[in-house]
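Encoded as structure tokens, the structure appears first; notes follow it.
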Amino acid sequence: MAGRRIARRLALLSSAALLTHLSPVVAEAPAGQADAGRFDCRQLADWEPPETPLEWFERSLWANHCLVFQARAVRIGIDGVRTLALSRDIQDGVEREVARFLDGPPVFFERSGHISRMNWSSADESAPASPAGIARHVDQYYRLSLGNDERIANRGAVRLDIEPLDGMRFGQRLWLDAQTSLPLKRELIDDRGRVVETFQFTELQSPRLHEGGVILEDYREPPRQSWFPTWLPDGFVDQPIGSEAEPQDRERPVGHRIYSDGLSTLSLFVEPIEEGHERLIPGLHRLGISLAVVRHVVADERPHQVVVMGELPPRVLVQVAENLAWRESPE
């Protein structure tokens with residue numbers, strides 16, 4: 001049923017977040033590179049070590065795309081403790097990430113593809129797609145600072161504190177490998193200053209720099225949909241998603257859009273409600289560390305179910321859900 005399918009989809013997105021916590025999937029080759037759709041990872045070995053908080057953050061984005069490794073990790077959240085086996089590989093410029101839970105209910109998640117961009121079309125210059133651009137974008141909405149060096153997974157680590165400049169998003173603390181800038185640990189901090197999740201490598205086999213390039217997705221035009229949010233937190237940009245992320249239902253299609261400020265993300269789902277089909281209960285729902293707000297609205301003379309999900313303050317999700325508009329006719 002549709003309601004159960006969306007609930008399963010939201011649960012899957014919560015699990016998928018385990019891979020995206022420590023590996024933002026937005027990057028672009030530097031200006032002037034011969035092939036604008038490919039970045040040669042080998043040049044990272046020649047770059048000077050980062051010094052400022054912004055440089056450390058940008059370098060961590062590159063490390064997430066150019067390092068190959070296997071690791072064990074632990075996730076500690078309000079829903080308990082889970083251990084995972086992680087692996088990351090690159091073949092012919094295509095990245096592949098796999099996460100497998102080692103305890104509790106068996107869960108296996110795999111993601112592969114080209115590096116995603118933060119905006120749909122090259123004509124949209126409001127959301128720069130390179131790690132330098134992403135870092136500058138994040139710097140507008142968060143305060144970045146360096147903390148004390150520590151030791152994580154038997155490796156020296158530099159702590160990076162990321163504090164939101166408003167109450168519209170959560171903060172983070174990242175511990176970056178001093179040698180490679182790869183994130184080794186992440187703490188998610190809510191708007192009350194509480195650590196709501198810790199994700200940490202416990203064992204990292206020697207990461208190596210990919211001996212080749214990584215490919216960026218082509219720019220694409222956004223899909224045509226009859227609805228759109230009239231309010232989003234400052235800095236949140238409509239982000240491209242692959243077709244595999246679109247819930248499929250030929251009889252009652254589910255619209256799905258993702259919005260991100262480069263660090264925090266929210267997902268928006270809209271589907272028509274059909275007579276006799278199960279629907280989610282309106283209100284606030286918790287899915288692990290993520291929250292989901294469900295509303296039932298009438299648009300185009302039909303009832304619809306609206307779901308807004310993310311690791312954001314509840315009032316932000318509610319405000320997005322309450323400020324959805326429909327065009328008179330699809331463009």
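The values are calculated or read from the model by the stated rules, or taken from the named source; none is laboratory data. Since this is a predicted model, take the numbers as computed values, not measurements. Methodologically, a virtual Cβ is constructed for each residue, glycine included, from the backbone with ideal geometry; neighbour enumeration extends over all protein chains shown. Just so you know, the surface numbers come from the protein's heavy atoms only, side chains and all, with ligands and any DNA or RNA stripped out. Shrake-Rupley method; radii C 1.70, N 1.55, O 1.52, S 1.80 Å.
Some points to look at:
- The stretch 153-202: C-alpha gyration tensor shape, a/c 1.5 cut-off, then a/b vs b/c: prolate
- In order along the stretch 82-88, the phi-based Karplus estimate (6.51 cos²θ - 1.76 cosθ + 1.60, θ = phi - 60°) of 3J(HN,Hα) comes to 10, 10, 9, 10, 10, 8, 9 Hz; Gly and Pro are listed as x.
- The residues neighbouring residue 48, those whose beta-carbon lies less than 14 Å from its own, together hold a net charge of -3 under the Lys/Arg +1, Asp/Glu -1 convention.
- In order along the stretch 182-190, the Karplus-derived 3J(HN,Hα) couplings, from 6.51 cos²θ - 1.76 cosθ + 1.60 at θ = phi - 60°, round to 5, x, 9, 8, 9, 10, 9, 10, 6 Hz, and Gly and Pro are given as x.
- Whole-percent carbon and sulfur share, accessible surface of the stretch 130-188, 1.4 Å: 38
- Rounded, prolate or oblate (a/c below 1.5 giving rounded, otherwise prolate when a/b exceeds b/c) for the stretch 132-285 by Cα gyration tensor: prolate
- Stretching residue 195 away from residue 92 to a fully extended chain increases their span by 33.2 nm, per 0.36 nm per residue minus the current alpha-carbon distance.
- Cα point-scatterer Debye curve for the stretch 164-230, base-10 log of I(q)/I(0) at q = 0.13, 0.14, 0.25, 0.29 Å⁻¹: -0.73, -0.80, -1.04, -1.24
- When the square roots of the Cα gyration tensor eigenvalues are ordered a ≥ b ≥ c, the ratio a/c for the stretch 125-193 is 1.5 or more and a/b does not exceed b/c, which makes its shape oblate.
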